[in-house]
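The block underneath contains the structure these notes are about, expressed in structure tokens.
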Amino acid sequence: MIFILAGGTILMRLNDFHVQDYRAFLQYFAMVTGTIFCSWMVHGYLRLHEPKNVSKQLRPIVRIAAGMVVACFLNYLSVMLVPRRFIFTDNVFHNTYADFLRIIIGAFFISMICHIVWSSLAVSIMLQKAQLENEHLKQAHLRAQLLSLQQQISPHFLFNSLSTLKHIAHDKGSKDFVVQLSHVYRYLLNINEQQVTKLADELNFIDSYLYILYQRFEGDLKVQIDIPEQYHSYLIPPLAIQLLIENAIKHNALSPEMPLLIKIFIQNETVTVSNILQPKKYPVESTRLGLQNINERFQLLFDKQITIVHTENSFTVHLPVISHDRYYH
């Protein structure tokens, strides 16, 4: 930028160019260098510390204006300090309107160039960041799919077999169990290609999933769900709640005397899954890969992280949810 502006000015006024001594030449380049550097730093500072009381549409204008003010001041200061020893014979400051206009126009172009270069760099960084986040999201989604597939054996075959079993089962209890199990597998089959799902769909899946768990553990497991209907349209990564329920069962003891209580509710715009701690006699080793995977998906999809609160008596995970409009806009 310095050589383009300084060299371009000299080439445009080559006929007026007279090197009286090397100091005049250095003074000119020092003036251009200092002006561009200070304007560049002003733009950078205002980008890092954007005024919150100024709208996004006006912030570029504020940066350009601030860069112009600094450039005008330095330009004016330089021509006042070295008006007679300059590389252009007619470049003497006389406090005329034309002189002030020349300084203002020069400052405007310098500030605009700084703004354009900064904006280009910001757009380039944003594109690179978006590509990197998209790649990370694909990897996290593939890991979630792999984990899901590892826990399934020929899901289509099992789903078709369950549909057949539903028709040949005679008693109502068997039919209900098969129906709920079919709902679980249908959700797992349909969700593989989706990165987010509505909270209502996730809760319907959880109801079917809990029906199966209740048949397995009978009265040893109790799950309380309190999600207001106004949050049912909010979005959440699929299977996030299910994994937390599965972890709670995996790491805690269940018995008729001490049933495991899990609560699922809304707290501060998050889906909160909390369970009391009832450690098993022989604890199961935890890799925490499941929680890490959930956190990566929330961070890449919503730019938010899950919050884990581990106390002496409970284990709580807060899952941030986001409205449909905010996610797609």
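For labels at Q194 and E312 in the simple 7 Å Cα→Cβ model, what's the distance in nm?
Taking the two extended label points, one gets 4.3 nm.
5 Å is the cut-off here: which amide hydrogens, built 1.01 Å from N in the peptide plane, fall below it relative to I225, excluding neighbours closer than 5 in sequence?
Amide H neighbours of I225: I264.
From the cross-link list K222/K304; K222/K250; K172/K263; K138/K263; K52/K198; K129/K198, which pairs have alpha carbons spaced over 22 Å apart?
K222/K304; K172/K263; K138/K263; K52/K198; K129/K198
Distance between the C-alpha centers of region 186-236 and region 303-327? Whole Å please.
If we compute the Cα centre of each part, the gap is 16 Å.
Roughly what would the spin-label model give for K250 and I266, points 7 Å off Cα along C-beta, in nm?
Distance between the two pseudo-spin positions: 2.9 nm.
Compute the distance in nm between two label points, each set 7 Å from the Cα along the Cα-to-Cβ direction, one at Q131 and one at E218.
6.0
I'd like to compare 203-211, 234-242, 264-272, 64-72: which one has the highest average count of other Cβ atoms within 10 Å, and what's the full order after that? All intermediate terms of the calculation are to be shown ahead of the outcome.
Details: 203-211: 18.2, 234-242: 23.0, 264-272: 15.7, 64-72: 20.2.
Result, highest mean Cβ count within 10 Å first: 234-242, 64-72, 203-211, 264-272.
Using r as the Cβ-Cβ distance of I225 and D171, and R0 as 30 Å, what FRET efficiency do you calculate, to the nearest 0.05?
Values: r = 28 Å, r/R0 = 0.93.
The calculated FRET efficiency here is 0.60.
Taken together, the values in this text are just the output of simple stated rules run on the coordinates, not laboratory data. Owing to the predicted nature of the structure, the values given are computational and were not obtained by experimental measurement. Glycine gets a Cβ as well: all are built from the backbone with ideal geometry, and neighbour counts include every protein chain shown.
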